[in-house]
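Report on the structure given below.
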Amino acid sequence: MTRAGSPETWLITGGAGFIGSNFVLAARERGAARVVNLDLLTYAGNLKNLAALADDPDHLFVRGDIADRELVGRLLQEHQPRAVVHFAAESHVDRSIYGPQAFLETNVMGTFHLLEAVRRYWDGLPPPRQQDFRFLHISTDEVYGSLAPEDPAFAETTPYAPNSPYAASKAASDHLVRACRHTYGLPTLITNCSNNHGPFQFPEKLIPLMILNALKGKPLPIYGDGLNVRDWLYVTDHCEALRLVLAQGRVGETYNIGGNCEKTNLEVVGTLCAILDELFPDSPHRPHARLITFIKDRPGHDRRYAIDAGKISRELGWQPRESFESGLSKTVRWYVDHPEWVASVESGEYREWLELHYGRG
Ligand SMILES: NC(=O)c1ccc[n+]([C@@H]2O[C@H](COP(=O)([O-])OP(=O)(O)OC[C@H]3O[C@@H](n4cnc5c(N)ncnc54)[C@H](O)[C@@H]3O)[C@@H](O)[C@H]2O)c1
C-alpha cells in the first residue's frame, strides 16, 4: 500500500507477453498494485492474454516502446509508480540466431533508454520515495552459458558466459542495470530464471509447440539427440518469486529462480506425450511419443542449464509450488481448454484485431 493507503502503482513493461501477462493478471487478482502496462505488442504480445482485465479500472494498457524515453517519462510522471517491473524483450533464442539486431535494439538499447527515463524520474522523487522505489529487471539463466554434466548449478556468482545473441543481449541488459545501481544509486533488483511454461506462451517455444503439434498428430521436432538439459518452472511460481523479490529483495542483489527440475528435452516431450495419452485415450495419435522426430541441432545449442535457487529460498523463503509433472499437467490442460486462444494465435487473427485497433505496428 502507498502512504495514502491506496494500492501502489507498478509500471510493467512487456505485460502482454507470456510471463508479463501472467504477472499482471496475478497482481490484479490480488489487488497488489494498480498496473500501467507498457507493451509494444510485437508478434509476441497479445492483448487476448489480458482479456480478463477488460473492465478493470486499475489496469491501464499503453501500446508503446520502452525505447521511447519521452513516453516512458510521461507515464512515470503521470502515474508516479513505486516500482518498474521490466519484462519487455525479444525472447526467442532461435529468432536471435537468424535476426540478432532486434535483440540488441530491444534488450540492450531499449533497456538503456528505459533506465535513463526511470533514472530521471527517480532523481526527482523526494528521499523517502527514492528509497522505496524499485526497478526489477527480469532476466534469464542463459546469461551463464552452458554446463557440463557434472558442473554445479548456476549460482548468482557464476561468471557470465552468454552463447547466443539472445543470451548476450540479456547479459548486456543485466550489466546496464547493475551499472545503474553502482553509478547512480538506482534501487535495482535482477532475477535470472530458468525456462518457464504455462498459460499464454507463444507456440514457437518448445512446450506449447509440442502440445499443439501432438494434438494435431503432427511431428514433434526435437533438436539434435534430445539430450540438452534445461531447468523448468511453472510460470505462476516464477511470478510469485518476482512478487517476493519486489517486496523483500535486498536492493542491488541478483536472485536466481529455478524449479530444481533438470530435464532433457526428450524427457519433457515424453512426459507431455504421456499426459496427452491419458487425457485422450481414444486419440488416433496415441501413443503421442510416436510423433517424436529428431532434427538438425540448433547452432551453438547450449548443452545444460541448471539453477541453484538456494539464495531466494534462504533469504525470501521462496519454493516452487508445482512439481514438473503437476505444472506440466496444468500447462497441457490450459492449451487443451483454450482452443479459441490457440486458433487466434495460429491464424494470426490476434494481429488483425490489433491492426484494426492500433493500425499496423
Ligand atoms: N520465457 C522464459 O522461459 C523466460 C525465462 C527466463 C527469463 N525470461 C525473460 O522474461 C521476460 C519475458 O519473457 P516472455 O517469455 O514473457 O517473453 P515474450 O516474448 O512472451 O513477451 C515479450 C513482451 O515484450 C513486448 N515487447 C517487445 N519489445 C518491446 C519494446 N521495445 N517495448 C515494449 N514492449 C516490447 C512484446 O510485445 C511482448 O509482449 C524476458 O525479458 C525474458 O528474457 C523468459
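The values are calculated or read from the model by the stated rules, or taken from the named source; none is laboratory data. Since we're looking at a predicted model, the values are computed, not measured. Here the Cβ positions follow ideal geometry from the backbone for every residue, glycine too, while neighbour counts run over all protein chains shown. All accessible areas refer to the heavy atoms of the entire protein, side chains included, with ligands and DNA or RNA removed. Shrake-Rupley method; radii C 1.70, N 1.55, O 1.52, S 1.80 Å.
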Cross-chain or 6+ apart pairs with Cβ under 9 Å, region 232-248 first and touching a residue at least 40 places away in the same chain (Cβ under 8 Å) and closer than 16 Å to Thr9 by Cα, then assigned to a helix (DSSP H, G or I) and within 13 Å of the ligand (Cβ to nearest atom): Leu242/Ile19; Leu242/Phe23; Arg243/Phe23
Contacts under 7 angstrom Cβ, first residue in region 182-205 being under 17 Å from Glu116 (Cα atoms), partner open to solvent by less than 20 Å² (accessible area, probe 1.4 Å) and part of a loop (DSSP other than H, G, I, E, B), 6 or more apart: Pro187/Phe133; Leu189/Gly249
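One line per residue, one yes/no per condition, for (1) touching a residue at least 60 places away in the same chain (Cβ under 8 Å); (2) in contact with a Ser or Thr (Cβ under 6 Å, 6 or more places away or on another chain):
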| position | (1), (2) |
| --- | --- |
| Gly20 | yes, no |
| Asp56 | no, no |
| Arg63 | yes, no |
| Ile66 | no, yes |
| Arg74 | no, no |
| Pro81 | yes, yes |
| Glu105 | no, no |
| Val108 | yes, yes |
Filtered residues of region 180-222 (kept if more than 16 Å from the ligand (Cβ to nearest atom), part of a strand (DSSP E or B) and open to solvent by 10 Å² or more (accessible area, probe 1.4 Å)): Pro221
Members of region 117-133 that are open to solvent by less than 30 Å² (accessible area, probe 1.4 Å) and assigned to a helix (DSSP H, G or I): Ala117, Val118, Tyr121, Trp122
Within region 86-113, tally of residues that are out of contact with any helix residue (DSSP H, G or I) (no Cβ under 6 Å at 6 or more places or on another chain), within 11 Å of the ligand (Cβ to nearest atom) and at pLDDT 95 or above: 8
Helices (runs of 4 or more DSSP H) fully within region 239-348 counting 1 or more residues that are touching a strand residue (DSSP E or B) at 6+ places or on another chain (Cβ under 6 Å) and aliphatic (A, V, I, L, M): 265-279, 310-316
Test for Ser139: is it within 12 Å of the ligand (Cβ to nearest atom) and either at pLDDT 95 or above or closer than 30 Å to Tyr43 by Cα (or both): yes
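Output the residues belonging to region 135-161 that are open to solvent by less than 40 Å² (accessible area, probe 1.4 Å) and not in a helix (DSSP H, G or I).
Phe135, Leu136, His137, Ile138, Ser139, Thr140, Gly145, Leu147, Ala153, Phe154, Ala155, Thr158
Table: residues versus (1) closer than 23 Å to Tyr305 by Cα; (2) of a type in the set (Phe, Trp, Tyr); (3) modelled with pLDDT of 95 or more; (4) out of contact with any Leu (no Cβ under 7 Å at 6 or more places or on another chain).
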site	(1), (2), (3), (4)
Cys180	no, no, yes, no
Leu186	no, no, yes, yes
Asn192	yes, no, yes, yes
Phe200	no, yes, yes, yes
Met210	yes, no, yes, no
Ala214	no, no, yes, no
Leu227	yes, no, yes, no
